[in-house]
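To start, the structure under review is shown below, and the notes come after it.
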Amino acid sequence: MSQSVCILGVTGSIGQSTLKILQQHPEQYAVFAVTAHSRMLELVEICKQYHPKIVVVPVGKVEELQQYFKQHQLTNIEILTDEAGLIAVAEHRDVDIVMAAIVGAAGLLPTLAAVKAGKRVLLANKEALVMSGDLMMQAAHDSHAELLPVDSEHNAIFQCLPEGYFQNERNGQPKQGVSRILLTASGGPFLNHSLQQLKTVTVAQACKHPKWSMGQKISVDSATLMNKGLELIEACHLFAISEQFITVVVHPQSIIHSMVQYVDGSTLAQMGNPDMCTPIAHALAWPKRIKTHVPALDLFVMQQLDFQEPDTTRFPALKLARQAMQSGGLAPTILNAANEIAVAAFLNNRIGFTEISQVVEHTLNQVETGAAESIELILQVDQLARSTAEKIVMNHGS
């Protein structure tokens, strides 16, 4: 019997890769619901091919979508809207698997809804866990949801951890012989740029990642190394381990996706060609394996694998993220909110590349942190951090 899949953010790169895998295994998976924010024509093409029962779009896009549906005789698809629609499909009783691939804080509530409903949640939205880590993990525990990482690095760590690792107490200490997690980073497009060169990089340069094909926001995060900072926070929550036991390793080839070190001196690494279809397929079928179109590594073609320490002077975002995790509570929420505002400002040419981290740091200094006691408080502080960051952006631009 096939499993029913809901894809939150179907027109993005992760959503598209997910469809590729589902297309290869039509007997195992069926698309039940899809959501999209802006690309209506692409959404219509997806609907024509995969025949979902429900689509979710912003309320302002409904009329346009209805016209397309009429034009293509897509009469049996229900249209839901906005956040309420996202939550409705994420927790829908007919859904088995939810791909959480909406970028940014917008993905938080639908992802949490899927977790509370006890779904298998394929987590590609790192911001949701950065903002609500403890609450999200507690909800997964209470509802027996399967929260499986899709980020290539977290998926690699998941594959390298011992069986039964997650049945242990969540006290921040490494367990079952694990001593350290090595989180790899490509270093982004500006790995060898000087601080002076970084001040003049353009949006086009920042969005051109040397290894991965990604959206604008995550590409800029990769270029500043904030992406790795967010992933560090995510790893702490997913694997119940304190940040002091996670080392970030710059590995430009992006062949080793991350590693786990053990007390006996072993280091286990997960390797593969840089293609998101591999971790998506792993999380979809776990604990089994299914075929993908991704070719196996040709070890004779690879000349060498390089590793180096990240430079937090040139890339301070990584240091800010680690400090936010050390502070705990609402600090990661503030970090994430400020970063979203700063990246948007950079993409709109309102601030320079190196000012992104400055905006984040100033926001962290100005917004009061405390315990992340409820989802309502998290969302409230998220909004406060955004408005604070926006004011800082305006001051930078003046």
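Every read-out reported here was derived from the displayed coordinates using simple, explicitly stated rules and does not represent laboratory data. Everything numeric in this text was worked out from a predicted model, so none of it was measured. Quick reminder, even Gly has a Cβ in these numbers, built from the backbone with ideal geometry, and neighbours come from all protein chains shown.
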### Task
Compute the signed sum of charges (Lys and Arg +1, Asp and Glu -1) over the other residues within less than 13 Å, Cβ to Cβ, of GLN326.
+1
### Task
Quick one: work out the % antiparallel among DSSP beta bridges in the chain, nearest 5.
25 percent
### Long-range HN-HN contacts of GLN3 with modeled amide H, under 5 Å
TYR29, ALA30
### Query
When ILE246, ILE14 are ordered from fewest to most other Cβ atoms inside 10 Å of their Cβ, what list results?
ILE246, ILE14
### Task
Net charge near ARG386: determine it from the other residues with C-beta under 14 Å of the C-beta of ARG386, scoring Lys and Arg +1 and Asp and Glu -1.
-3
### Query
What shape does segment 285-337 have by the C-alpha gyration tensor, where a ≥ b ≥ c are the square roots of the eigenvalues, rounded means a/c under 1.5, and otherwise prolate means a/b greater than b/c and oblate the rest?
oblate
## Note on the structure
Going fewest to most other Cβ atoms within 10 Å around each Cβ, MET137, MET276 line up as MET137, MET276
### Summary
Residues other than HIS72 with Cβ under 14 Å of its Cβ, Lys/Arg counted +1 and Asp/Glu -1, net out at -1
### Query
Roughly how many nanometres apart are two label points built 7 Å out from the Cα toward the Cβ at ASN171 and VAL62?
5.3 nm
### Query
Over all Cα pairs of segment 151-309, how is the pair count split among 5 Å bins, expressed in % and running from 0 up to the last occupied bin?
1, 8, 16, 20, 19, 16, 10, 5, 2, 0
### Query
Which value at 222 nm does the chain reach when only helices count, each DSSP H run of 4 or more adding -39,500 (n - 2.57), with the total divided by all residues and rounded to the nearest 500 deg cm²/dmol?
-14000 deg cm²/dmol
#### Entry: Restricting segment 263-357 to trypsin sites (Lys or Arg not before Pro) in coil, as DSSP defines it, with at most 12 other Cβ within 10 Å
LYS288, ARG289, LYS291
#### Entry: Residues LEU330, LEU161 arranged by fewest to most Cβ contacts within 10 Å
LEU161, LEU330
### Message
Hydropathy at least -0.5 by Kyte-Doolittle, axial extent at least 30 angstrom from the Cα trace: which helices of the chain, defined as entire DSSP H runs, fit?
### Response
375-397
## Note on the structure
ALA371 and GLN323 label points (each 7 Å along its Cα→Cβ direction) are spaced in nm at 2.5 nm
### FRET E, pair HIS72, ARG39, Förster distance 22 Å, beta-carbon r, rounded to 0.05
0.90
### Message
Limiting things to C-alpha atoms, what are the Rg and the maximum Cα-Cα separation (Dmax) for segment 3-149, in angstroms?
### Response
14.5, 46
#### Entry: Three-way shape label, the chain, alpha-carbon gyration tensor, a/c 1.5
rounded
